[in-house]
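Okay, so here's the structure we're looking at.
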Amino acid sequence: MIAKVIVDVPAKQTDRAFDYHIPDHLATVIQPGIRVVVPFGPRKIQGFVVGIHEKSDFDELKEIVEPMDIAPVLNDELLKLGDWLTEHTLSYKISAYQVMLPPALKAKYEKKIKLISPVDDLPEEIRPLFQQKTEVPWEAVTDYLNLLHKEVLNGTLEVVYEVKERVKKKKLKAISPCMNPKELQGILDSLAANAEKQKLVVEYFIDNQKSVELRELVAYLGVTSSTITSLVKKGVLKEEVIEVYRDPYENRTFEKTERLPLTQEQEKAIGPILASIEENRQNVFLLYGVTGSGKTEVYLQSIEQVIKKGKEAIVLVPEISLTPQMVKRFKGRFGDEVAVLHSGLSVGEKYDEWRKIQRKEVKVVVGARSAIFAPFENIGIIIIDEEHETSYKQEDNPRYHARDVAIERSKYHQCPVVLGSATPSLESFARASKGVYQLLSLPKRMNNQALPSVEIVDMREELREGNRSMFSRVLVESLKDRLQKKEQIVLFLNKRGHSSFVMCRDCGYVVNCPYCDISLTYHRFNQQMKCHYCGYESNVPLRCPECNSEHIRYFGTGTQKVEEELGKIIPEARVIRMDVDTTSRKGAHERLLTDFQEGKADILLGTQMIAKGLDFPNITLVGVLSADTMLHLPDFRSSEKTFQLLTQVSGRAGRHELPGEVIIQTYTPEHYSVELAAEQNFDRFFEREMLLRKMHQYPPYYYIALITVSHENVAMVASVTGNITKFVQSKLSKEAHVLGPVASPISRMKNRYRYQCLIKYKREPELNKTLKTILEHYQQEMVSKGLQISIDVNPYIL
Ligand code: ADP
Ligand code: ZN
Ligand code: ZN
């Protein structure tokens, strides 16, 4: 038998499946969806079996070395989904398969050098290396590369790659009884009176016939492991090694929550979802409801119905809102039936959560973007909360959007997809308006709680009145007021495009990264400037390189600066700062939030990461320090993102008994994104923004595709992009607009120049084929000359 295998050839990807002979002893094991180790040139590499055939068009096939799995890691549905991903994102199959699996299953290659002749054939210098063993790790021989290279050519040595699994399964010692309770009773009676401890153990197993972890048993009964060992020796008990899961929530208990009687509005919204579950219908619902309107309860009760039918549920939430509070809501309702997948887990933990799903030991997965590939086989619902979040789009290959994958999977499983949001993406709301998606609304907050009152403060006015600080007078007053009342405050700093940079006050010179086209960000803690794209670091110059002035220093308002200023205005306030610097350690994010919840601070100050999920009763004031910094980015979605963010931040205040107040500081108070976010008026915003999108031919009226070319040589980049642009123009219809070639918004990154070609189109059946042709045409240059061409269909970052 012949296996067709998609191989993981590092550096040189291809979508061709290679034929391998299946050795007889593996005939029953090898099947589609299994990972295998195969020889490829001089190496051994990982591959995925995608088909089994009786014949091959090729002679002299190599043999599969060994399987890496006992059961397929990709089922039929996921293999097909891999084809679909490849097609729609113009990526390679191998990366499509790998993105669907936990990183632990991506093979690690260990490079070694292997002796194949007698050791005496080697030159003397390297003989000692191979005296003891015939294989030496690559790292150990790098001093002798030239010599080794010669010997490899001579055929004395060989470079081998060993495929390594990334994680080990976690194993524990466990104890189980060898006898039934009646026989154990006999043992108990026969034990001498002084064998108290042994009696305890035997009694335990009379009551519990199941195996139990040794450590746990010892702790529970207060015996020593030698007591157990002696019973094992007597043949009463046996010791075994069991495989256990690493549980990221091991030391936590989740209080059971009961379903709430739904409000009339929730009933109305859940009706069509339940009907769709019941009748196995593929529908896409847009559940549009303000924060606090009870969407999550609708999700929970829909999932309950799915579980009752014996099916499974996938719930996606943005990484940033995958807080313990969020996890608690699902684990509290469904307990151990829930697996959780997010980037904070270790590789091993992710793998174990994934295997619980694969082995059908759980019914629900709650996770970030990649959880959309959960290997459930009987999906009854897919829920995407905060569906407008840009983090659902993967920014490297394969550049998929989780929403598209969800819809594709729902067709296979004939199940509903529920997209939830208080500020839906324009794409989704437009589809709902046209009836492509079914719109469900929850217009009111629970208990008719009022939305917080919002005040917009014009910072230009403040400046005119002589206030140069980053805090308006009304914000300072309100801060002092809340401190006095012992209520809590959230201060939000829109970090994007607002990082601190170093500038000369005299001539305006800004220190840029020498390799990328952006300013360096100043970090107070080590007083260094750092490039956020390539990591380049440097000291702040003492004098301006342009005009030699000494007045060169950092500008802008990072969170650290805000904290410092706060200290001057209200030194008595206790502040918790949440940004990339304070949350980089594992668990830090959660600890800071818990501290805040427990009232260990008055003010929570932070960036984007505090915009979501916070639901603390004592927060009565939310301050947005600068609403408009994001408006000026070269991105057609910048108004939409500003509106969403402001609406969301405002939603943090007054979610419980105490009424909330929001103060938004801005330099452009008249901008519709700011005004309408203050009113929480999504409908008006949608109307306004759609007009602009139509005028400028952006989504959702047009689709876009972005081709970015990069290389160290700017002339080459310009000419390749020019050729690509012409080629695309010649292939597409007159309705498509092909813009370019132009330098990208970030025109140089990591010392590579970047040019782009932007395509706006409505319906272009030839588009994918055209784009593929480009990749094929330049394949040679990409491999040999380091040219990079990336194609993003429906890009989220322009
Ligand atoms: P959303 O997901 O739209 O932000 P939630 O589901 O979190 O809204 O609901 C907001 C609050 O209202 C939560 O504290 C939740 O427990 C409560 N809640 C939701 N549905 C009901 C209900 N039917 N009866 C009583 N309380 C509810
Ligand atoms: Zn200067
Ligand atoms: Zn850089």
By residue number, the members of region 376-397 that are more than 17 Å from LEU322 (Cβ to Cβ) and more than 15 Å from the chain's Cα centre (by Cα) are PHE376, GLU377, ASN378, ILE379, GLY380, ILE381
Of those in region 712-738 that are farther than 11 Å from CYS757 by Cα and touching a strand residue (DSSP E or B) at 6+ places or on another chain (Cβ under 6 Å), the residue surrounded by the most Cβ atoms within 10 Å (Cβ to Cβ) is VAL717
Take the conditions outside any helix (DSSP H, G or I) and either at pLDDT 95 or above or on the phi < 0 side of the Ramachandran plot (or both) and apply them to LEU439. Does it pass? yes
In region 231-277, anything away from ligand 1 (no atom under 16 Å from the Cβ) and of a type in the set (Gly, Ala, Ser) is listed as GLY235, ALA275, SER276
So, first residue under 23 Å from VAL290 (Cβ atoms) and in contact (Cβ under 8 Å) with a residue 24 or more places away in the chain in region 683-703, second residue part of a helix (DSSP H, G or I) and of a type in the set (D, E, K, R), Cβ within less than 7 Å, six or more apart or across chains; the pairs are GLU689/GLU640; PRO700/GLU427; PRO700/ARG693
Okay, helices (runs of 4 or more DSSP H) sitting entirely in region 116-214 with 1 or more residues that are hydroxyl-bearing (Ser, Thr, Tyr), I get 181-190, 196-207
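Report, by residue number, each residue of region 448-488 that is assigned to a loop (DSSP other than H, G, I, E, B) and of a type outside the set (A, V, I, L, M).
Within region 448-488, the subset assigned to a loop (DSSP other than H, G, I, E, B) is 449-452, 465-472, 486-487.
GLN449, PRO452, GLU465, GLY466, ASN467, ARG468, SER469, PHE471, SER472, LYS486, GLU487 - these are the residues of region 448-488 that are assigned to a loop (DSSP other than H, G, I, E, B) and of a type outside the set (A, V, I, L, M).
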Next item on the list: Might you let me know whether region 318-325 holds any residue that is more than 22 Å from TRP354 (Cβ to Cβ) and within 16 Å of ligand 1 (Cβ to nearest atom)?
Entry: yes
Of those in region 617-665 that are among the basic types (Lys, Arg) and under 22 Å from GLU598 (Cα atoms), the residue modelled with the highest pLDDT is ARG652
Taking region 302-339 and keeping residues out of contact with any helix residue (DSSP H, G or I) (no Cβ under 6 Å at 6 or more places or on another chain), touching a residue at least 40 places away in the same chain (Cβ under 8 Å) and farther than 26 Å from HIS401 by Cα leaves GLU304, ILE307, LYS309, GLY310, LYS328, LYS331, GLY332, GLY335
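Would it be correct to say that VAL38 is on the phi < 0 side of the Ramachandran plot, without any contact (Cβ under 8 Å) to a residue 40 or more places away in the chain and surrounded by 14 or more Cβ atoms within 10 Å (Cβ to Cβ)? Don't jump to the end; show me each part of the working.
Working: on the phi < 0 side of the Ramachandran plot: yes; without any contact (Cβ under 8 Å) to a residue 40 or more places away in the chain: yes; surrounded by 14 or more Cβ atoms within 10 Å (Cβ to Cβ): yes.
The answer is yes for VAL38.
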Scanning region 278-306 residue by residue, the ones that are away from ligand 1 (no atom under 16 Å from the Cβ) and surrounded by 18 or more Cβ atoms within 10 Å (Cβ to Cβ) total 3
Residue in region 466-478 that is in contact with a Phe, Trp or Tyr (Cβ under 9 Å, 6 or more places away or on another chain), of a type outside the set (Lys, Arg) and away from ligand 3 (no atom under 16 Å from the Cβ) present: no
Picked from region 532-564 (must be of a type in the set (Asp, Glu) and in contact (Cβ under 8 Å) with a residue 40 or more places away in the chain), the residue nearest to ligand 2 (Cβ to nearest atom) is GLU546
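Going by the conditions given, is VAL315 within 20 Å of VAL365 (Cα to Cα) and not polar (S, T, N, Q)?
Numbers: within 20 Å of VAL365 (Cα to Cα): yes; not polar (S, T, N, Q): yes.
Yes.
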*asked:* For the structure I just gave you, tell me whether ILE518 is aliphatic (A, V, I, L, M) and modelled with pLDDT under 80.
replied: yes
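Results for (1) away from ligand 2 (no atom under 16 Å from the Cβ); (2) under 14 Å from ASP385 (Cβ atoms); (3) within 21 Å of the chain's Cα centre (by Cα), shown as yes or no for each residue.
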position: LYS295; (1), (2), (3): yes, yes, no
position: ILE307; (1), (2), (3): yes, no, no
position: GLU312; (1), (2), (3): yes, no, no
position: VAL317; (1), (2), (3): yes, yes, yes
position: THR323; (1), (2), (3): yes, yes, yes
position: ASP336; (1), (2), (3): yes, no, no
position: SER343; (1), (2), (3): yes, no, yes
position: GLY348; (1), (2), (3): yes, no, yes
position: ARG355; (1), (2), (3): yes, no, yes
Out of (1) within 16 Å of ligand 1 (Cβ to nearest atom); (2) at pLDDT 75 or above, the one LYS612 does not meet is (2)
Requiring at least 1 residues that are within 16 Å of ligand 3 (Cβ to nearest atom) and surrounded by fewer than 20 Cβ atoms within 10 Å (Cβ to Cβ), the strands (runs of 3 or more DSSP E) wholly within region 489-580 are 501-504, 521-523, 528-530, 537-539
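For region 704-755, enumerate the residues that are small (Gly, Ala, Ser) and either under 20 Å from VAL783 (Cβ atoms) or within 16 Å of ligand 1 (Cβ to nearest atom) (or both). Explain how you work it out, then say what you get.
Initially, region 704-755 is screened for residues small (Gly, Ala, Ser), giving 705, 710, 715, 718-719, 722, 730, 733, 736, 740, 743-744, 747.
SER710, SER719, listed by residue number.
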Kindly evaluate GLU255 against the criterion of being among the acidic types (Asp, Glu) and over 27 Å from THR423 (Cβ atoms). yes
Scanning region 550-561 residue by residue, the ones that are among the β-branched types (Val, Ile, Thr) and under 29 Å from the mean Cα position of the chain (by Cα) total 2
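The values are calculated or read from the model by the stated rules, or taken from the named source; none is laboratory data. Values in this document were obtained by computation on a predicted structure and should not be read as measured data. Every residue, glycine as well, gets a Cβ built from its backbone with ideal geometry; the counts of neighbours run over all protein chains shown.
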